[in-house]
Amino acid sequence: QVQLVESGGGLVQAGGSLRLSCAASGVIDSRNVMGWYRQAPGKQREMVTTATSGGSTNYADSVAGRFTVSRDNAKNTLYLQMNSLKPEDTAVYYCNFRTTTGFLNYWGQGTQVTVSS
């Protein structure tokens, strides 16, 4: 079992910044992929960014150049630095952990990010 605890969401004006954190605890497979997903009201959950334990990253086109993902493998913690935030970034942001095999897949409880215009 893996537990994920997110923090760092909140209300910010357009153009502002926020930093999200996701701390993973439990039985951690060293070969894994962690990521951030988001779900806006009335929309499906979408991938924002992923980061593998080996250091590879991937971003959605809508956030590339504005968001930066990083991870501290020693602390099993994932971060998301969000800059130049837009109202359309408003959503609940979820942390995800899965093994590279895809056999195990866990979600955090989500943290609200609201960007006002």
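The values are calculated or read from the model by the stated rules, or taken from the named source; none is laboratory data. Keep in mind it's a predicted model, so treat the numbers as computed, not measured. For neighbour counting, all protein chains shown are included, and Cβ atoms are generated from backbone atoms with ideal geometry for every residue, glycine included. These area figures cover heavy atoms from the full protein model, side chains too; ligands, DNA and RNA do not enter into them. Shrake-Rupley method; radii C 1.70, N 1.55, O 1.52, S 1.80 Å.
Counting the residues of the range 58-72 that are assigned to a strand (DSSP E or B) and within 12 Å of the chain's Cα centre (by Cα) gives 7.
If you filter the range 32-45 down to residues that are farther than 24 Å from Asn76 by Cβ and not polar (S, T, N, Q), you find that the one that is least open to solvent (accessible area, probe 1.4 Å) is Ala40. The residues listed here are Ser117, Ser84, Ser70; of these, the one that is open to solvent by 40 Å² or more (accessible area, probe 1.4 Å), hydroxyl-bearing (Ser, Thr, Tyr) and without any contact (Cβ under 8 Å) to a residue 40 or more places away in the chain is Ser70.
Scan Gly15, Gly26, Gly54 and give me the residue that is of a type outside the set (Val, Ile, Thr), on the phi > 0 side of the Ramachandran plot and at pLDDT below 95.
Numbers: Gly15 fails: at pLDDT below 95; Gly54 fails: on the phi > 0 side of the Ramachandran plot.
Just a single option satisfies the conditions, and that option is Gly26.
Of the candidates Ser62, Ser53, the single residue that is among the polar types (S, T, N, Q), in contact with an Asp or Glu (Cβ under 8 Å, 6 or more places away or on another chain) and either more than 16 Å from Thr114 (Cα to Cα) or loosely packed, with under 15 Cβ neighbours inside 10 Å (or both) is Ser62. For the range 74-117, a tally of residues being assigned to a loop (DSSP other than H, G, I, E, B), closer than 16 Å to Leu18 by Cβ and over 16 Å from the mean Cα position of the chain (by Cα) returns 3. Residues in the range 25-54 that are assigned to a strand (DSSP E or B), among the β-branched types (Val, Ile, Thr) and under 11 Å from Phe97 (Cβ atoms): 2 in all.
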